[in-house]
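Written out below as structure tokens is the structure these notes cover.
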Amino acid sequence: MPKKINAEDKENFLKLFGDNKNYYSIRESCKKAKIGKSTFYRWLKHPEFKETIDRIKEKRGKDPMRQAKKGNFLAHTKIILKTMRLLQKGDYATASKMIKLSKKYERTLKRC
């Protein structure tokens, strides 16, 4: 029997998707919130939910980590600086993710 979806599930999904430390994708957020992608796309038909998702995406678009994934060199520099600040603060988990992203970006540049 399928799991019954409630408002708490929707709130949990938005919390995961809007997380500024982990930057979960829609797929990752669905998996962690234990909902199906089809549920997410059904929710997306509701204007309020869609507006919330759009706001989160817009906010993420300005983030250097997201920009580096798109190949923006300046954003790559910002990632390095942000990583250094995270290491100084002691946030090693987030810094580790950013270092991995930085290395992936460097490998992409070498192929070009």
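The values are calculated or read from the model by the stated rules, or taken from the named source; none is laboratory data. Here the structure is a predicted model, which means the values were calculated and not measured. Here the Cβ is made from the backbone with ideal geometry for all residues, glycine too, and neighbour counts use every protein chain on show.
Only residues that are crowded, with 16+ Cβ neighbours inside 10 Å and part of a helix (DSSP H, G or I): list them for segment 27-45, please. Before the answer, list the steps.
Restricting attention to segment 27-45, the residues satisfying the condition of being crowded, with 16+ Cβ neighbours inside 10 Å are 29-30, 32-33, 35, 39-40, 43.
Scanning segment 27-45 gives 29, 30, 32, 33, 39, 40, 43.
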Test of understanding: among 105, 23, which residue is assigned to a helix (DSSP H, G or I), buried (at least 17 other Cβ atoms within 10 Å of the Cβ) and modelled with pLDDT under 80? 105
Index of the failed condition, residue 56 passing every other in (1) part of a helix (DSSP H, G or I); (2) modelled with pLDDT under 85; (3) among the β-branched types (Val, Ile, Thr): (2)
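Look through 83, 94 and report the one residue that is surrounded by 16 or more Cβ atoms within 10 Å (Cβ to Cβ), modelled with pLDDT of 80 or more and within 30 Å of residue 40 (Cβ to Cβ).
Details: 83 fails: within 30 Å of residue 40 (Cβ to Cβ).
Result: 94 is the single residue among 83, 94 that is surrounded by 16 or more Cβ atoms within 10 Å (Cβ to Cβ), modelled with pLDDT of 80 or more and within 30 Å of residue 40 (Cβ to Cβ).
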Residue under evaluation residue 73, criteria (1) modelled with pLDDT under 80; (2) outside the structural domain of residue 99 (by TED's automatic domain parsing), criterion not met: (2)
Checked against (1) aliphatic (A, V, I, L, M); (2) within 13 Å of the chain's Cα centre (by Cα); (3) at pLDDT 90 or above, residue 33 satisfies every condition except (2)
Reported set for segment 1-20 where residues are loosely packed, with under 12 Cβ neighbours inside 10 Å and modelled with pLDDT of 85 or more is 8, 11
I'd like the full set of residues that are touching a residue at least 24 places away in the same chain (Cβ under 8 Å), in a helix (DSSP H, G or I) and closer than 22 Å to residue 79 by Cα, limited to segment 8-20. 17
